[in-house]
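The values are calculated or read from the model by the stated rules, or taken from the named source; none is laboratory data. If you're wondering where the values come from, they're calculated on a predicted model, not measured in any experiment. Using ideal geometry, Cβ is built from the backbone for each residue, glycine included, and neighbour counts are taken over all protein chains shown.
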Amino acid sequence: MARYRGPVEKIERRLGVSLALKGERRLAGKSALEKRPYPPGQHGQRRTKISEYGMQLREKQKAKYMYGVLEKQFRNMFKEAVRTEGNPGENLIKLLEQRLDNVVYRMGFATTRRFARQLVNHGHVLVDGKRVNIPSYRVKPGQKIEIREKSKNNPQIQRSLELTNQIGLVPWVDVDKEKVFGIFTRIPERSEVEIPVEERLIVELYSK
């Protein structure tokens, strides 16, 4: 399965929730979901009853699209979450939050995880002073994430920093926006991660 590259706002409308797939439009309150809060297509405004399996599948799709993870990656991550001590659903969210592309997004260097993934892929991101171009790289507490010197004046990165100044950052990252670097201080608790995903249903889906 290839990575989805179609119109992302259709995904949000189909799932009925904002997944932070659009940057400036979302922050400006101009997302398609707000204008048309119903699924796309000619039958989008019909009321349909969703089965238990359908609800479980929808939660998995939310998480996959939000974090930009493919099915095989997601399944492997879930298996690791199950092997790890603690609640499998909460462990899964913590593992997703440790992805390098997500940390770059959380630090405000990108308005979307998709753009953050591009920055990593194209070699604009350094981890502890070394270039890392793997979006799924797992960031450990205490590691320094920075934009390489030649890319710090990139207009899109600067625009991202301006926009994230307005909404603030999550408490598990410490960022110096002038020097465009940050420290991933700790792994967040599930209660701190504000995402519209019920991981309990994902656990139920994979437990069948």
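For this structure, a couple of remarks:
- Scanning segment 121-139 for residues that are more than 8 Å from Leu100 (Cβ to Cβ) and either surrounded by 11 or more Cβ atoms within 10 Å (Cβ to Cβ) or modelled with pLDDT under 95 (or both) yields Asn121, Gly123, His124, Leu126, Asp128, Arg131, Asn133.
- Residue in segment 157-176 that is under 13 Å from Gly108 (Cα atoms), assigned to a loop (DSSP other than H, G, I, E, B) and in contact with a Leu (Cβ under 7 Å, 6 or more places away or on another chain) present: no
- Once segment 149-208 is narrowed to residues that are of a type in the set (Gly, Ala, Ser) and touching a residue at least 12 places away in the same chain (Cβ under 8 Å), the residue that is farthest from Asn91 (Cα to Cα) is Ser151.
- Of all residues in segment 102-123, those satisfying the criterion of being in a loop (DSSP other than H, G, I, E, B), of a type outside the set (A, V, I, L, M) and touching a helix residue (DSSP H, G or I) at 6+ places or on another chain (Cβ under 8 Å) are Gly108, Phe109, Thr111, Thr112.
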